[in-house]
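To start, the structure under review is shown below, and the notes come after it.
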């Protein structure tokens, strides 16, 4: 009987140590992940079968942006409603609660900068096409430099940023 009490006490102490260690690890991992956490939320409209859109959503989440996917078979209608210029469209459209739009494979770093500044004369950003090496478009360690364009309220576009190297997308 005394042996069972000692065994139970030892097991209880071990369990307490394990729970405490797990709690501590979770707190530490939370502190690390909070470094990239922002209050940015995006509703991402995409085709149900598009794999690169899912990878872009993963990139956003990895960088602390809440990106909620919404599958649709009528992206063109949404893009028309959001006034995404027809010749600059890509495979997905992300929309903030404020109504800003992000079309295509824009790096999270640039989305964050744009939303920090919140330019009043712009409705959003676009990366036309699907540049190889952009977030969500990784392919055999290849990279193609690309422009991130501003979409103005009048529907015109201009250069917002230039991404010359893969590394620039993340730093």
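The values are calculated or read from the model by the stated rules, or taken from the named source; none is laboratory data. Predicted, not measured: the structure shown is a model, and the values here were computed from it. FYI the Cβ positions are ideal-geometry reconstructions off the backbone, even for glycines, and counts take in every protein chain you see.
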(request) Kindly indicate whether residue 125 is farther than 16 Å from residue 52 by Cβ, under 17 Å from the mean Cα position of the chain (by Cα) and surrounded by 15 or more Cβ atoms within 10 Å (Cβ to Cβ). (result) yes
(message) Taking the criterion of being under 25 Å from residue 43 (Cβ atoms), more than 17 Å from the chain's Cα centre (by Cα) and assigned to a loop (DSSP other than H, G, I, E, B), would at least one residue in region 138-148 satisfy it?
(response) no
(request) Return yes when residue 131 is modelled with pLDDT of 90 or more, under 26 Å from residue 49 (Cβ atoms), in contact with a helix residue (DSSP H, G or I) (Cβ under 9 Å, 6 or more places away or on another chain) and surrounded by 18 or more Cβ atoms within 10 Å (Cβ to Cβ) and no when it is not. (result) no
(message) Looking for something at pLDDT below 95 and part of a helix (DSSP H, G or I) - is there at least one such residue anywhere in region 36-44?
(response) no
(message) Take the conditions modelled with pLDDT of 90 or more and either out of contact with any strand residue (DSSP E or B) (no Cβ under 8 Å at 6 or more places or on another chain) or over 15 Å from residue 170 (Cα atoms) (or both) and apply them to residue 107. Does it pass?
(response) no
(message) I want to confirm something. Restricting to region 104-122 and keeping residues that are in a helix (DSSP H, G or I) and farther than 15 Å from residue 162 by Cα, which single residue is farthest from the chain's Cα centre (by Cα)?
(response) 117
(request) Confirm whether residue 68 is part of a helix (DSSP H, G or I), at pLDDT 90 or above and surrounded by 10 or more Cβ atoms within 10 Å (Cβ to Cβ). (result) no
(message) Please count how many residues of region 146-168 are in contact with a helix residue (DSSP H, G or I) (Cβ under 9 Å, 6 or more places away or on another chain), surrounded by fewer than 20 Cβ atoms within 10 Å (Cβ to Cβ) and within 19 Å of residue 55 (Cα to Cα).
(response) 1
